[in-house]
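Here the structure is laid out as structure tokens; the discussion comes afterwards.
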Amino acid sequence: MHTPENTASEYLDFSLGEFLDLVASGGPAPGGGSVASVAVALAAGLAGMAARLSSDQLADAPELADRADASRRRVAPLARADAESYGRVLEANRLPRDLDSEIRTERIRDALSGAADALLTNAEIGNEVAGIAARLVEEGNPNLEGDAMTALLLADAGVRAAAVLAEINLSAANVEDDRLRRANRLVEKTAVTVQQATEGSGRG
């Protein structure tokens with residue numbers, strides 16, 4: 001049986017079909033966080049394509065494409081990071097019950113907190129990608145509006161999913177810090193970006 005640790009390093013080398021089969025399998029990973037990372041990476045890929053085909057409409061199209069590429073390179077490995085983080089959570093939960101309760105609780109809390117960090121990074125990158133995609137929806141090549149809109153909506157979904165998962169992890173860890181507020185602000189900011197771009201495109 002594969003564990004998250006020994007499959008995570010291979011995610012980016014899998015074919016799409018293999019990855020989808022792995023997601024649908026009975027294993028605990030890849031799960032929601034990994035899928036959210038892939039969604040944002042796909043959004044960044046679409047945004048990069050739309051930017052490269054918008055050079056006639058936007059003087060800074062090459063810069064937008066470069067930013068989208070950079071976001072894609074940053075977020076794609078988070079599929080692995082999320083699975084590894086979840087693996088650490090599982091390991092902590094498997095610690096013997098007769099272990100010192102404070103030590104066991106601390107290890108579980110640290111594992112959940114680390115998983116939340118990867119998810120917040122995913123949400124931050126998703127928000128950046130949404131901003132790029134929104135610009136392309138509003139001002140890019142009109143023939144690529146649908147692709148840019150798809151990128152925008154995928155990025156939004158990735159941000160929302162990552163924020164919800166981070167909230168679940170932080171709640172389970174009984175951790176109170178500013179990360180939940182940060183996650184909620186990213187959701188709100190991305191939602192505004194989507195609304196403005198949708199209204200601007202005449203699809204509101």
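Laboratory data are not the source of any read-out in this text; all were calculated from the coordinates shown. Just so it is clear, the structure is predicted and the values come from calculations on it, not from any experiment. Cβ sites come from the backbone with ideal geometry, for glycine too, and all protein chains shown count toward neighbours.
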Relative contact order (%) - criterion: Cα under 8 Å, at least six apart; region: the chain
26 percent
How far is helix 179-200 tilted off the main Cα axis of the chain, in degrees rounded to 10, range 0 to 90?
20 degrees
Over all directions, how big on average is the projection of the convex hull of the alpha-carbon atoms in the chain, in square nanometres?
12.2 nm²
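Can you give the calculated 222 nm mean residue ellipticity of the chain, where each DSSP H run of n ≥ 4 adds -39,500 (n - 2.57) and the sum is split over every residue, rounded to the nearest 500 deg cm²/dmol?
-26000 deg cm²/dmol, from helical runs alone.
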Residue by residue through the stretch 18-23, what is 3J(HN,Hα) from phi via Karplus (6.51 cos²θ - 1.76 cosθ + 1.60, θ = phi - 60°)? Round to whole Hz and write x for glycine and proline.
5, 5, 4, 4, 5, 4
Here P(r) for the stretch 73-138, Cα-Cα distances in 5 Å bins, as whole percents, is 4, 17, 19, 15, 13, 10, 8, 6, 4, 2, 1, 1
To make sure I understand, if each residue's beta carbon is the centre and we count other beta carbons within 10 Å, what order do LEU46, LEU170 fall in, fewest to most?
LEU170, LEU46
Sequence of ARG67, ARG52, ARG73 once ranked by neighbouring C-beta atoms within 10 Å, starting from the fewest
ARG73, ARG52, ARG67
Alpha-carbon centroids, the stretch 165-204 and the stretch 119-160: separation in whole Å
14 Å
Neighbour-limited loop hits for trypsin sites (Lys or Arg not before Pro), the stretch 150-204 (at most 13 other Cβ within 10 Å; DSSP other than H, G, I, E, B):
ARG203
If one takes the longest principal axis of the Cα atoms in the chain, at what angle in degrees, from 0 to 90 and to the nearest 10, does the Cα axis of helix 32-52 lie?
20 degrees
Of GLU63, GLU124, how do they rank once you tally other Cβ atoms within 10 Å and put the fewest first?
GLU63, GLU124
